[in-house]
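Just so it is clear, none of the values below were taken in a lab; they were calculated from the coordinates. Since the structure is predicted, the reported quantities are computational estimates derived from the model, not experimental observations. Because the Cβ atoms are built from the backbone with ideal geometry, glycine has one as well, and the counts that use them run over all protein chains shown.
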Amino acid sequence: MTSRCRVALAGFGTVGRSVARSLQERDDVELVAILNREVERKRVEWIDRRTTWTESFDDLLRCRPDVFVELIGGRAPAADWIRRALEAGIPVVTANKQVIAHDGASLLGLAAARGTVLRFEGAVAGGVPVIRAIESGLAGDALTLVAGILNGTCNYILTRMERDAAPFDEALREAQALGFAEADASQDIDGLDAQAKLAVLVMVAFGLQVSPAALAVRSIATVGPVDFVYAKRLGCTIRQIAWAERIGSGVRAAVGPALVALDSPFAGVGGSGNLVAVHGRSGGTTTFGGRGAGGDPTAVAVVSDVLAIARGTGSVPAVQVRCASIVSADAATPCYVRFTVADRPGIIAALAAVFARHDVNIDAVLQEPGYPPHERPFIVSLDAAPWPVVETALGEIERMEFHVQPPLALPVLTGVEDRPVATF
Ligand code: HSE
């Protein structure tokens, strides 16, 4: 395209506004249309007077854009609009992880069939250009592992707890005020946002399509400030980690809070930061980090995709995507278990007997002094054991009468830096 690239934007929320602002500052791009619900309420005076404001996708198409940017979020009607734009041969840029996670393979196929492109850098890790790096920069390697901090809201909450012992609700409210959190913050906290992003990474890195719902998720809501005290005693801290390992034509994967070593790259990620580590058979581990959430960082990814299309560099080598033959979360992993009990003699003996019966070895038992006997936390760290076995043992222990809170079990991530397989 030699003239100005005509962009139509659907979605004028946090990211949409940042994208519009950025596009308006450029002289190689023209923002021809903005679509949003209740558009009169959304209209602002800093947008060029010639830009069409509309609530109708048909109106938007009538503006004959060179690129359609979808930032409304959610699957419907976003997937349908993207499909219609691609059908019409219009290149599409989206930051919609749910659409790409669920429909990415078929939409990419449609784009290829229509001789156009679908770009989605903003769907994963905000402003960190990990999609393009995997697709292009690492195309020469066979990737076997992806592990990352993919949700800025969870990382913000966990690092506020770690550094300031902040209560969960207060840290969440701050993340919401800063514009990181989803409209429904349980998407962040319960791992569904990272689950969709992980499905996108699995598609891009392994060429395997997985249903996001098949990727196991665990919430960070049960993690408390006391867990950071005990994690530190073990030389670790806690982060929400999304990981996937390629096993032949299948995938082993999960999302949830995990202990990571204090000297690991994950432990160094603070606030809304994201970090993605990929491991390849030839190139070893490569990490990508930066600001993973918020309007401006995500807008960088979106606008960069628009510019790549405008400059004719938007297409990437087509990756053959096929369905993963199997998706499982079973891995042998060291484990941290926090118990909160109404104290009495014999509790440790009782649970040690259950672990022994299941052939699970206790590495350490730690109990900080100073807690009241009616609500006393202590932790047990376990040597590597298959998750299903640990869960069965914990199911038996949970039925015992001394718990004040259900036990919290977290895997211990022992490293992706120096080994081909994350032993979760
Ligand atoms: N809510 C997401 C996060 C940002 O906290 O990372 C958008 O993907």
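A simple rule links phi to the HN-Hα coupling: the Karplus curve 6.51 cos²θ - 1.76 cosθ + 1.60 with θ = phi - 60°, which for region 257-263 gives x, 8, 7, 10, 4, 4, 9 Hz, with x for Gly and Pro. Length gained on full extension, residue 367 to residue 315: 13.1 nm, using 0.36 nm per residue less the C-alpha separation.
Rounded to the nearest Hz, the phi-derived 3J(HN,Hα) couplings of region 227-242 under the Karplus curve 6.51 cos²θ - 1.76 cosθ + 1.60 (θ = phi - 60°) are 5, 6, 5, 6, 4, 4, 4, 8, x, 10, 9, 10, 9, 7, 10, 10, where x marks glycine and proline.
Rounded to the nearest 10 degrees, what's the angle between the helix 152-164 long axis and the longest principal axis of the chain, both from Cα atoms, 0 to 90? On a 0 to 90 degree scale, this one is about 40.
Relative contact order of the chain, taken over Cα pairs closer than 8 Å and 6 or more residues apart, is 17 percent. Radius of gyration (Cα atoms) of region 141-198, expressed as a multiple of 2.2 N^0.38 Å: 1.26. Can you tell me the 0 to 90 degree angle between the C-alpha axis of helix 97-113 and the longest principal axis of the chain, rounded to 10? Approximately 40 degrees, to the nearest 10. Against the chain, whose longest principal axis comes from its Cα atoms, helix 168-177 is set at around 10 degrees.
Near residue 52, the amide H atoms lying under 5 Å from its own belong to 33, 34; only residues 5 or more places off or on other chains count, and H is placed 1.01 Å from N. Exposure proxy shown here: for 102, 358, the number of other Cβ atoms within 10 Å sets the order, fewest to most, as 358, 102. Here the Karplus relation 6.51 cos²θ - 1.76 cosθ + 1.60, evaluated at θ = phi - 60°, turns the backbone of region 20-34 into coupling constants of 4, 4, 5, 5, 5, 7, 9, 9, 9, 9, 10, 8, 8, 8, 10 Hz, with x for every Gly and Pro. If all Cα-Cα distances of the chain are sorted into 20 Å bins from 0 onward, what percent lands in each bin, rounded to whole numbers? With 20 Å bins starting at 0, P(r) equals 26, 51, 20, 3.
Summary of the geometry: region 244-287 and region 64-139, compared by the centres of their Cα atoms, lie 24 Å apart.
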